[in-house]
Every structure is written in C-alpha cells, then in structure tokens.
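The values are calculated or read from the model by the stated rules, or taken from the named source; none is laboratory data. Treat the numbers as computed from the prediction; the structure is a model and nothing was measured. Note that we place each Cβ from the backbone using ideal geometry, even for glycine, and neighbour counts take in every protein chain shown. All accessible areas refer to the heavy atoms of the entire protein, side chains included, with ligands and DNA or RNA removed. Shrake-Rupley method; radii C 1.70, N 1.55, O 1.52, S 1.80 Å.
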Amino acid sequence: VRLGEVLRHRKEFITIDDLTTYKRPRVQIHVQGIVQRDEVPGALIKTKTQQVCRTGEFLVAEIDAKVGGFGIVPKSLNGSIVSSHYFLFVVDESKLDRRFLDFFIRTPAFCEQVAAQGSTNYVAIRPAHVLGYEIPLPPLAEQRRVVARIEELAAQIHEARTLRHQAAEEADALTQSRLNALASDIEAGGNLGNVLLSKPRNGWSAKCDNADDGIPVLSLSAVTGYRYRSSAIKRTSLHAPKDGHFWLKPGDMLITRSNTPELVGHVAIYDGTPSPCIYPDLMMRLDLNFEAVELPFVWYWLQVPPVREFIGRNAKGTSPTMKKISQGIVMAIPFPCSLPLPEQHRIVSELDALQTEVDVLKRLQAETAAELDALLPAVLDRAFKGEL
C-alpha cells in the first residue's frame with residue numbers, strides 16, 4: 001500500500017519562547033537514526049516558528065532524504081523542535097506497527113523509492129512524495145511476528161559484534177603484555193642519547209600550500225600510533241635547499257615532539273614513500289648508532305610503559321590538550337644501552353612473530369566485521385520479502 005494509507009502528514013507549528021530551552025535533533029544520513037544535535041535557549045533560535053516532534057513519528061529531512069535522511073523519532077527526543085525543512089508523519093498504529101516501519105525504511109526497497117523520486121537535479125522531496133512511497137502491509141499480528149524475529153536476529157548480531165570487539169582488545173593486549181614483560185625483564189641502565197650519533201634535530205617548518213606539484217611534507221598523523229602512514233602528507237611549493245637536514249631516507253626513525261598528551265613521543269620508521277619527502281618541525285629524527293642498536297628494537301622499546309611514563313612526566317605545555325618534549329628529554333629517555341645486539345635481535349624476532357599473529361587475527365576480525373555489517377540488511381531484505 002502507499003504510505004498515505006498508514007501515515008498522516010502533521011503540519012503544526014509553535015512560536016519559540018526566548019526563555020525556554022529546546023532540544024534539536026539531527027537526522028543522520030544513510031538511515032543511521034535520529035540523535036540529539038544540541039540543546040539551546042529559545043533566544044538563540046533565529047527562526048521563531050518551529051515544529052514539535054513526538055515519539056514514534058516518522059521524521060524526514062527535505063534535503064537529505066535522498067541519502068537516507070529520515071527515521072523514527074526516539075523517546076529521548078520527544079518535544080524536540082525542527083524547522084519547516086523537515087516533515088513529520090503520524091503513524092496509524094491500528095494498521096501499521098511503528099517498529100515494522102522503522103525496519104522497513106532501512107531496506108534498499110524503500111531507499112530506492114526515495115532516491116528515484118523527482119528530478120535528479122532537484123534533491124529536495126515533498127510530503128506528497130513520502131505519502132506515495134509503498135510498503136508491504138501484512139496484518140498487524142504478522143507485522144509483530146516479523147519485528148520480533150528481526151529483533152531476535154539483530155540481538156544475536158549485536159552479541160557477535162561485542163565478542164569481536166572484545167577479541168580485538170585481547171589481541172592488542174597480547175602485544176602490550178609482552179612489552180610490559182620486556183620492560184620488567186631488562187634493566188635500562190642508560191639513556192637514548194648514549195646510542196645516538198648526533199643530537200635529535202627538528203624538521204623544517206615549511207608553509208604547506210598543498211600545490212599539486214609541491215614537495216611532500218609529513219603530517220603529524222604520519223607518525224602516530226607507532227605506525228608510519230605514507231598517505232598522511234601535505235605539500236609545499238616553497239624552495240627546499242637540497243642539502244637540508246630535513247630530507248628523509250628509508251629507515252629513518254622519527255619521533256613526534258609536539259602532540260596531545262597521549263600521542264606526544266610516538267615513533268615510526270619512514271619506509272621510503274613518498275620520495276622525496278620532508279619531515280616537519282613538529283618531529284625529530286633519531287640518528288641511531290647501528291653498531292650498538294637494532295632499529296626495530298629501538299622502535300619496540302620506545303613503546304614500553306616506563307618510556308611512555310617518562311615522556312608523559314616530562315612533556316611540557318600550558319595547554320592540557322597539547323604537550324611538547326625537548327631534545328634533552330628525548331636524549332634522556334631510559335634505554336638498555338648494554339644489551340648485546342644478538343639479544344636485541346632475539347627479542348625483535350619474538351615480538352615480530354607475535355605481531356604477525358596479532359595482525360592476522362585483526363585482519364580476520366575485520367573480515368568478520370564486514371560480514372556482520374552485511375547481515376542485518378540481508379535479514380531485513382528477507383523479512384520484507386516474506387522469507388523470515
């Protein structure tokens with residue numbers, strides 16, 4: 001049947017009171033539901049004529065509807081207000097279970113009706129369009145049976161997602177546990193400055209204009225999370241001296257000297273891409289003595305809890321959201337200078353093997369996540385074809 005047989009367009013407006021505080025909803029696209037956008041005093045709302053939402057009504061965004069900008073008003077947003085650019089529809093619950101409608105609007109069958117409506121050059125829809133969309137309408141008892149079955153399967157999918165998330169956390173905990181053990185098994189006995197050939201140097205403070213033919217300059221996010229991200233770059237068209245110390249070579253280890261308290265002091269190893277490439281002033285390069293240390297061992301060591309605690313304790317800055325570490329702090333980082341190279345190599349091999357297992361597990365979990373994401377749409381498709 002057409003939605004006009006089970007929905008009624010409600011077009012009632014109120015005048016906003018400057019002394020009252022109002023909730024305003026945000027209709028998320030791709031049928032991701034309706035959430036609270038903000039809560040503001042009436043005095044700050046410029047358009048004084050607004051509509052009041054009621055729990056269980058079908059709310060449609062005039063402009064975003066074609067990209068899934070619609071949903072059922074949740075109980076938490078009862079009494080919230082929307083402008084005239086939204087349409088509210090009351091459900092006739094003697095014919096249609098609102099939960100049945102809530103599931104149906106998430107199906108491709110419904111979204112395709114909305115996307116196909118009207119001119120492709122005019123993205124907005126009108127209430128008449130909505131009332132013209134079609135919905136399967138079995139008896140209420142059958143609607144409720146289908147809803148109960150969908151909710152049962154959705155709960156199982158949610159449980160599977162929760163277990164997958166817990167497994168991912170446990171995988172990360174494996175590596176962290178081994179790093180904790182590494183720190184407790186090995187006496188630092190020195191500092192990082194003892195295994196550097198020269199003092200750490202800041203990169204180049206280049207003004208990045210992102211010119212298409214500009215020289216790549218690493219963004220701060222390229223060296224966060226202890227993984228080098230070659231795509232995290234900006235570009236500068238400024239002339240960079242060819243003999244500048246800031247040009248990167250494959251295998252260079254970089255440490256962030258300014259970042260949020262959680263991310264300052266993170267390290268990563270430049271893998272040679274893009275090339276040529278410059279590191280910025282917010283990072284330092286560590287010129288390691290490879291006769292004394294193995295590069296991957298240093299990378300692992302700078303992640304252990306005592307090092308992170310040392311950096312956190314010594315990072316400075318007046319802002320609580322941004323901290324800095326100096327050249328001196330980097331050189332003073334506790335480090336096991338006397339650990340022989342063969343022992344470093346053994347530890348690296350052990351940690352690499354563990355990391356490989358964790359990466360495989362995470363990849364499998366990511367594949368499982370994609371399968372889980374596809375499950376509910378498949379369930380809904382079967383449900384509204386009468387196959388559930």
I want the local charge near E309. Using Cβ-Cβ distances under 15 Å, sum +1 for each Lys or Arg and -1 for each Asp or Glu among the other residues. +2
For region 131-230, just list the percent of Cα-Cα distances falling in each 10 Å bin from zero outward, please. 10, 15, 20, 17, 16, 12, 7, 4
Using only Cα atoms, tell me the angle between helix 140-185 and the longest principal axis of the chain; keep it within 0 to 90° and round to the nearest 10. 10 degrees
What distance in nm lies between label points placed 7 Å from Cα along the C-beta direction at V67 and K362? 3.0 nm
Of V31, S177, Y279, farthest towards positive along the dipole that unit charges on Lys, Arg, Asp, Glu beta carbons give the chain: V31
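Which FRET efficiency value, to the nearest 0.05, do you get for D281 and A332 by plugging their Cβ-Cβ distance into 1/(1 + (r/R0)^6) with R0 = 22 Å?
Working: r = 21 Å, r/R0 = 0.96.
The pair D281/A332 has a calculated efficiency of 0.55.
Where the only charges are on Cβ atoms (+1 Lys, Arg; -1 Asp, Glu), what is the dipole of region 261-388 about its Cα centre, to the nearest 20 debye? All intermediate terms of the calculation are to be shown ahead of the outcome.
Working: 11 positive and 17 negative charges, 126 e Å.
Roughly 600 debye, rounded to the nearest 20.
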Contour minus Cα-Cα span, Q176 to R313, at 0.36 nm per residue, comes to 47.3 nm
Would you mind calculating the gained length between H345 and Y226 on full extension (0.36 nm times residue separation, minus the Cα-Cα distance), in nm to one decimal? 40.9 nm
Once the Cα atoms of helix 305-314 and of the chain are each reduced to a long axis, what angle between those two axes, in degrees from 0 to 90 to the nearest 10, is obtained? 90 degrees
Just going by the charge dipole of the chain, with Lys and Arg at +1 and Asp and Glu at -1 on Cβ, which of V379, G312, Q113 is farthest out on the positive end? Q113
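Taking Cα pairs under 8 Å and at least six residues apart, what relative contact order does the chain come out at, in percent?
On the way: 678 pairs, mean separation 59.6, N = 388.
Relative contact order comes out at 15 percent.
Carbon and sulfur together cover what percent of the accessible area of the chain at a 1.4 Å probe radius?
53 percent
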Hits in region 123-152: amide N under 11 Å from the 7 Å Cα→Cβ extension of K95, namely 135, 137
Evaluate the Debye formula for region 25-145 with equal point scatterers sitting on the alpha carbons, no solvent, and hand back log10 of I(q)/I(0) at q = 0.17, 0.20, 0.22 Å⁻¹, in q order, two decimals. -0.88, -1.16, -1.35
Could you work out how far apart the two model spin labels at D185 and K249 are, taking each label as a point 7 Å from the Cα in the direction of the beta carbon, and quote it in nm? 3.2 nm
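For every other residue with a beta carbon closer than 12 angstrom to the beta carbon of D38, add +1 if it is Lys or Arg and -1 if Asp or Glu, then tell me the sum.
Details: positive: K23, R24, R26, R37; negative: E39.
Here the count lands on +3.
Provide the gained length on full extension for the span L375 to E112, in nm with one decimal, where the gain is 0.36 nm per separating residue minus the Cα-Cα distance. Present the calculation step by step, with values, prior to reporting the outcome.
Details: separation 263, 0.36 × 263 = 94.68 nm, distance 1.93 nm.
Gain in length upon complete extension: 92.8 nm.
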Over the chain, what number does the Rg to Rh ratio reach, with both radii from the alpha-carbon atoms and Rh per Kirkwood? 1.12
Given a 1.4 angstrom probe, what's the average accessible area per residue across the chain, in square angstrom? 52 Å²
Quick one: among P200, P342, P306, which has the greatest mean-square fluctuation in a GNM of the chain with alpha-carbon springs under 10 angstrom? P342
